[in-house]
Amino acid sequence: MKGLKPFFFVTDIGFIVYWLVTFFHLLPDSALFKDYDNPVIVAWNWSFFPLDLLISFTGLLSIYLQRNKRAAWRNWALISLVLTFCSGLQAIAFWGFRGDFDAAWWAFNLYLMIYPLFFLRYFIAREPSSA
């Protein structure tokens, strides 16, 4: 599907980089979200780790399968897009319930919610393949 591959690369590699940066505490304090030193907030953030890595795995796998002309790439891409939307939604919901607005963190998470919607239409509207 035209245009999906760059979004998957940016998002999937971005998640991997984010978690490496987070693990090694490479972000300056000014770039961290509010209450980052609160153990509950840290645990909340790390609760996204398995989901985000699953998103990266499914997205990169779909690119690999598509490159090798395997029809299963569509299934993995659909899973990745849905999980990406959910990851962004959960973060936005959390910040919204807290009444906490940080433009940078909201922008990243709104990106995760919005870009999949443009591609999900393709998967939903497409007739099932007989292959």
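Each value in this text was obtained by applying a stated rule to the coordinates, not by laboratory testing. Everything quoted here is computed from the prediction, not taken from an experiment. Virtual Cβ from ideal backbone geometry, glycine too; neighbours counted across all protein chains shown.
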CD proxy, 222 nm, the chain: helix-only mean residue ellipticity via -39,500 (n - 2.57) per DSSP H run with n ≥ 4, per residue, nearest 500, stands at -25000 deg cm²/dmol
Put a dot 7 Å past each Cα toward the Cβ at residue 120 and residue 98; how far apart are the dots in nm?
-> 2.4
Mind listing the phi-derived Karplus ³J(HN,Hα) values for segment 65-80, rounded to whole Hz, using 6.51, -1.76 and 1.60 with θ = phi - 60°, and x for any glycine or proline?
-> 5, 5, 4, 8, 6, 9, 4, 5, 4, 5, 5, 5, 5, 4, 4, 4
Calculate one ³J(HN,Hα) per residue across segment 87-98 by plugging θ = phi - 60° into the Karplus curve 6.51 cos²θ - 1.76 cosθ + 1.60, and present them in order as whole Hz with x for glycine and proline.
-> 4, x, 4, 4, 5, 4, 4, 4, 5, x, 4, 7
Please state the charge dipole magnitude for the chain, taken about the Cα centre, from unit charges on C-beta atoms (+1 on K and R, -1 on D and E), reported in debye and rounded to the nearest 20.
-> 880
When only DSSP loop residues count, what chymotrypsin sites (Phe, Trp or Tyr not before Pro) in segment 36-99 have their Cβ near at most 13 other Cβ atoms within 10 Å?
-> 36
For segment 26-43, take each phi angle, set θ = phi - 60°, evaluate the Karplus expression 6.51 cos²θ - 1.76 cosθ + 1.60, and give the result in whole Hz per residue in order, putting x for glycine and proline.
-> 8, 7, x, 3, 5, 8, 7, 7, 4, 6, 4, 7, 6, x, 5, 5, 4, 5
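If I stretch the segment between residue 106 and residue 36 completely, what's the gain in nm (0.36 nm per residue apart, minus their alpha carbon distance), one decimal? Could the numbers behind the result be given before it?
On the way: separation 70, 0.36 × 70 = 25.20 nm, distance 1.55 nm.
Contour length minus Cα-Cα distance gives 23.7 nm.
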In nanometres, what is the gap between the two model label sites at residue 44 and residue 18, each 7 Å from Cα along Cα-to-Cβ?
-> 1.5
Dipole check, segment 4-125, charges on Cβ (K,R +1; D,E -1), about Cα centroid: among 73, 106, 28 the Cα furthest to the positive pole belongs to 73
